[in-house]
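Quick notes on the structure that follows.
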Amino acid sequence: VWGADFMSFWFYMLAMNLLVPLCMVGFGWKFSHNPPENINKRFGYRSSMSMLNRDTWAFAHRFCGRLWFWLGLLLLLCSGLFMFFMLGADEQSLGRASAILCLCQLIPMAAVIIPTEIALRRTFHPSGRRKKSVKGRLQ
């Protein structure tokens, strides 16, 4: 049986381990359904390609938002399962494992940059003009 101190620490670590996935789900939902209206350098998905014009800006946010939303849900599930299996661990092991988990969560959070930039380049010319599709394929 665990003591109250351990359970308090366990719930604290659970909350910390769910922060990144919850942020991904929340911002993913917001970006995919309501991207920031104005192109800015402070908030949103900001790359040189995404900031070319309003069309590239909205496209990047919708694309990145969908990825963040679904990856965030997956991370939420995995993190919850991870914490369930850590119930019997000592506090030091739980703390170390949680730190590693948080660092690992940052990988998919940042990795969405790669498919988003690929999708931008497949959909838009370097000038920001949308490519025309021919028979369902982009040129």
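The values are calculated or read from the model by the stated rules, or taken from the named source; none is laboratory data. Note that this is a predicted model, so its numbers are computed, not measured. No Cβ is skipped: glycine too gets one built from the backbone with ideal geometry, and neighbour counts run over all protein chains shown. All accessible areas refer to the heavy atoms of the entire protein, side chains included, with ligands and DNA or RNA removed. Shrake-Rupley method; radii C 1.70, N 1.55, O 1.52, S 1.80 Å.
Restricting attention to region 32-65, report how many residues are within 15 Å of HIS125 (Cα to Cα), among the polar types (S, T, N, Q) and open to solvent by 50 Å² or more (accessible area, probe 1.4 Å).
1
Criterion first (touching a residue at least 40 places away in the same chain (Cβ under 8 Å), within 23 Å of MET7 (Cβ to Cβ) and touching a helix residue (DSSP H, G or I) at 6+ places or on another chain (Cβ under 8 Å)) does GLY80 satisfy it?
Details: touching a residue at least 40 places away in the same chain (Cβ under 8 Å): yes; within 23 Å of MET7 (Cβ to Cβ): yes; touching a helix residue (DSSP H, G or I) at 6+ places or on another chain (Cβ under 8 Å): yes.
Taking the combined requirement at face value, the residue satisfies it.
Could you look through region 82-134, keep only residues that are closer than 14 Å to PHE11 by Cα and not in a helix (DSSP H, G or I), and pick out the one that is most open to solvent (accessible area, probe 1.4 Å)?
ASP90
Hey, does region 66-77 have a residue that's of a type outside the set (Asp, Glu), assigned to a helix (DSSP H, G or I), modelled with pLDDT under 95 and open to solvent by less than 50 Å² (accessible area, probe 1.4 Å)?
No - not one qualifying residue is present in region 66-77.
Could you grab me the full set of residues in region 43-77 that are charged (D, E, K, R) and either over 17 Å from ALA110 (Cα atoms) or touching a residue at least 60 places away in the same chain (Cβ under 8 Å) (or both)?
ARG54, ASP55
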